Amino acid sequence: AQSVSQHNHHVILSEAASLELGCNYSYGGTVNLFWYVQYPGQHLQLLLKYFSGDPLVKGIKGFEAEFIKSKFSFNLRKPSVQWSDTAEYFCAVKTLYNAGNMLTFGGGTRLMVKP
Amino acid sequence: DGGITQSPKYLFRKEGQNVTLSCEQNLNHDAMYWYRQDPGQGLRLIYYSQIVNDFQKGDIAEGYSVSREKKESFPLTVTSAQKNPTAFYLCASMKQGEVDTQYFGPGTRLTVL
């Protein structure tokens, strides 16, 4: 079974700092990749997704992620974080031959941005 | 206003009692999912359903049961057999299709005393 690893459990940054959150997965076949964000007290919502094509994917709120197939990675980046980016971030993977369209999630990274 | 609703937001139960969490969607999505969220473990799949009257176990189905009698509803029952039921429960739905994504409800925080 596939697994997803997010190596940073807690990240603290100051405003305007650059952000990179790591995500690695274990499945060797074709995958769809997702980053979800959970702001305090809000629904889990989709930040961005990769299905095919350009491995550099741009999402909402200035976030982007790069799919590097050789490294089984899908790291999330933002050049300059804001206090409002304080949230928990989840990477998720869906394998292509997954009849139930099930997602496997990483353990999450809790980001705190200091004003 | 389309979306996924979960009720209640907070739920307290005594140990040994069964409890049912509600999940309703008006997005006309075919598939629905239940996840459990615990700190540091991300979301883990409990059950999912791709079509009415059919559902499948996820990774951690033991101690849980579901039903899918209507397309818009997918209630989850946490039974007394679940060893550690205190958690945050998230429901999601998705329109079937390879390029579609799952959309999540606001969650129910269950505390078993």
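The values are calculated or read from the model by the stated rules, or taken from the named source; none is laboratory data. Keep in mind that this is a model prediction, so the values were computed, not measured. So basically every Cβ, Gly included, is an ideal-geometry build from the backbone, and we count neighbours across all protein chains shown.
Listed values, structure above:
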{"item": "Residue, surrounded by the fewest Cβ atoms within 10 Å (Cβ to Cβ), within the stretch A:72-105, restricted to residues that are charged (D, E, K, R) and closer than 30 Å to B:Y47 by Cα", "result": "A:E88"}
{"item": "Neighbours by Cβ (under 7 Å, 6+ apart or cross-chain): first from the stretch A:1-18, away from chain B (no Cβ under 14 Å); second assigned to a loop (DSSP other than H, G, I, E, B) and modelled with pLDDT under 95", "result": "A:E15/A:P115"}
{"item": "Residue in the stretch A:45-53 that is among the charged types (D, E, K, R) and exposed (fewer than 13 other Cβ atoms within 10 Å of the Cβ) present", "result": "no"}
{"item": "Failed item, numbered, when B:Y64 is tested on (1) surrounded by fewer than 20 Cβ atoms within 10 Å (Cβ to Cβ); (2) farther than 12 Å from B:Q6 by Cα; (3) free of Cβ contacts under 8 Å to residues at least 60 places away in the same chain; (4) of a type in the set (S, T, Y)", "result": "(1)"}
{"item": "Considering residues of the stretch A:58-115 that are part of a helix (DSSP H, G or I) and of a type outside the set (A, V, I, L, M, F, W, C) only, the residue farthest from the other protein chains (Cβ to nearest Cβ)", "result": "A:S70"}
{"item": "Test set (1) of a type outside the set (V, I, T); (2) touching a Phe, Trp or Tyr at 6+ places or on another chain (Cβ under 7 Å); (3) touching a residue at least 60 places away in the same chain (Cβ under 8 Å); (4) surrounded by fewer than 15 Cβ atoms within 10 Å (Cβ to Cβ) - B:K57 fails condition number", "result": "(3)"}
{"item": "Filtered residues of the stretch B:35-56 (kept if outside any strand (DSSP E or B) and not hydrophobic (A, V, I, L, M, F, W, C))", "result": "B:P39, B:G40, B:Q41, B:N53"}
{"item": "Residues being among the hydrophobic types (A, V, I, L, M, F, W, C), under 26 Å from B:L113 (Cα atoms) and part of a strand (DSSP E or B) - total across the stretch B:57-95", "result": "7"}
